Amino acid sequence: MEFGDQLKQWRSHRHLSQLDLALDAGISARHLSFLETGRARPSEGMIMRICETLELPFKIRNELFTAAGFAPRYLCAEREGLAGLPPLIRDTLQMILERHAPWPAVAFDADHNILAANAGFMALADALGISIAPGMNILALVLEPGPVRAAIANWPEVALLFFKRARNEARLYGPRSELAKRIASYEDDAELAALLRSNESERDPPPVITVQLRLGEAVTSWITTLTAFGSAQEVLTEGIFIEQYFPADDATRAIADSTGR
């Protein structure tokens, strides 16, 4: 896509008129119109100003710079799981996961594909009858029929919160992202659609999610927290998340301590 086409698409995605964006970016609506139609060529400074106003992810900013004929401004490379991350970032990520043991923790990318998991998460998955491998999708495990979904005692609540959280992330990365495409496919799920309709007043998910998991005869209770992991100038680390599980009661703590090491 040409720069003007991409700019128009992202402005529309952010639900802004040309006048709104022009005022927020401190430029004239006439010049913005010329940029979108290709009658004017943007400078690097103009692209940066517009990107900051639209709060675009660094990956998308690189795409706009390239479309305008400039070199990408932010560091990037082909991501290959953890192996594609800078060594310092990779080692730090692994350290966070390992030090959270024996309690479960998992790292995944912007599309919610698993990058790595600690021993506690592997043990939890094993107890649910699944084998975790890089590339598996967290949303698919929770939202699609299977052993994980079946084991979540409070699935309607958890599914709704996971879906809304992912949908908020998808809005950041735009309709062409893999996450947005996955979210769109789940919106056709009758059960999820009913859940969304019944909770339309609750637009944003809470920062803490309580998950109740059946492990054999026991029902364990976990509080999960999500941490964004990234640097201000690095495309590779933007959109990496660490989800950490904490026992919500003594019984769950005892099970986690015995199986997570």
Could you tell me whether the range 194-205 includes any residue that is open to solvent by 90 Å² or more (accessible area, probe 1.4 Å), part of a loop (DSSP other than H, G, I, E, B) and either modelled with pLDDT of 75 or more or not acidic (Asp, Glu) (or both)?
-> yes
Closer than 30 Å to residue 125 by Cα and in contact with a helix residue (DSSP H, G or I) (Cβ under 6 Å, 6 or more places away or on another chain) - does that describe any residue in the range 80-87?
-> yes
Scanning for something open to solvent by less than 10 Å² (accessible area, probe 1.4 Å) and under 16 Å from the mean Cα position of the chain (by Cα), does the range 143-152 turn up at least one residue?
-> yes
Sort out which residues of the range 103-115 are small (Gly, Ala, Ser) and open to solvent by less than 10 Å² (accessible area, probe 1.4 Å), and write them in order of number.
-> 105, 107
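So, in the range 163-193, of the ones that are of a type in the set (Lys, Arg) and assigned to a helix (DSSP H, G or I), which residue ends up least open to solvent (accessible area, probe 1.4 Å)?
Here the residue is 164.
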Assuming residue 228 fulfils every condition listed in (1) small (Gly, Ala, Ser); (2) over 25 Å from residue 14 (Cα atoms); (3) open to solvent by 20 Å² or more (accessible area, probe 1.4 Å) apart from one, which condition is it?
-> (2)
Does at least one position in the range 231-250 carry a residue that is at pLDDT below 90, of a type in the set (A, V, I, L, M, F, W, C) and part of a helix (DSSP H, G or I)?
-> no
How about the range 97-117: which of its residues are within 11 Å of the chain's Cα centre (by Cα), part of a loop (DSSP other than H, G, I, E, B) and not small (Gly, Ala, Ser)?
-> 109, 111, 112
Among the listed residues 101, 110, 123, which satisfies the condition of being within 19 Å of residue 151 (Cα to Cα) and touching a residue at least 40 places away in the same chain (Cβ under 8 Å)?
-> 123
Name the single residue, out of those in the range 25-54 being touching a residue at least 24 places away in the same chain (Cβ under 8 Å) and either of a type in the set (Lys, Arg) or not in a helix (DSSP H, G or I) (or both), that is surrounded by the most Cβ atoms within 10 Å (Cβ to Cβ).
-> 42
Only one residue in 90, 99 is of a type in the set (Lys, Arg) and over 25 Å from residue 252 (Cβ atoms). Which one?
-> 90
Spot the failing condition for residue 258; the list is (1) among the small types (Gly, Ala, Ser); (2) closer than 14 Å to residue 124 by Cβ; (3) open to solvent by 20 Å² or more (accessible area, probe 1.4 Å); (4) modelled with pLDDT of 80 or more, and only one is missed.
-> (4)
Output the number of the condition that residue 9 fails; it satisfies all remaining conditions of (1) surrounded by 20 or more Cβ atoms within 10 Å (Cβ to Cβ); (2) over 29 Å from residue 89 (Cα atoms).
-> (1)
Residue hits (the range 166-177; farther than 15 Å from residue 144 by Cβ and in contact with a Leu (Cβ under 7 Å, 6 or more places away or on another chain)) are 169, 170, 173
Within the range 121-136, is even one residue open to solvent by less than 10 Å² (accessible area, probe 1.4 Å), farther than 29 Å from residue 174 by Cα and touching a Pro at 6+ places or on another chain (Cβ under 9 Å)?
-> yes
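The values are calculated or read from the model by the stated rules, or taken from the named source; none is laboratory data. Computed from a predicted structure; not experimentally measured. All Cβ positions, glycine included, derive from the backbone under ideal geometry; neighbour counts span all protein chains shown. In case anyone asks, the SASA skips ligands and DNA or RNA and just uses the protein heavy atoms, side chains included. Shrake-Rupley method; radii C 1.70, N 1.55, O 1.52, S 1.80 Å.
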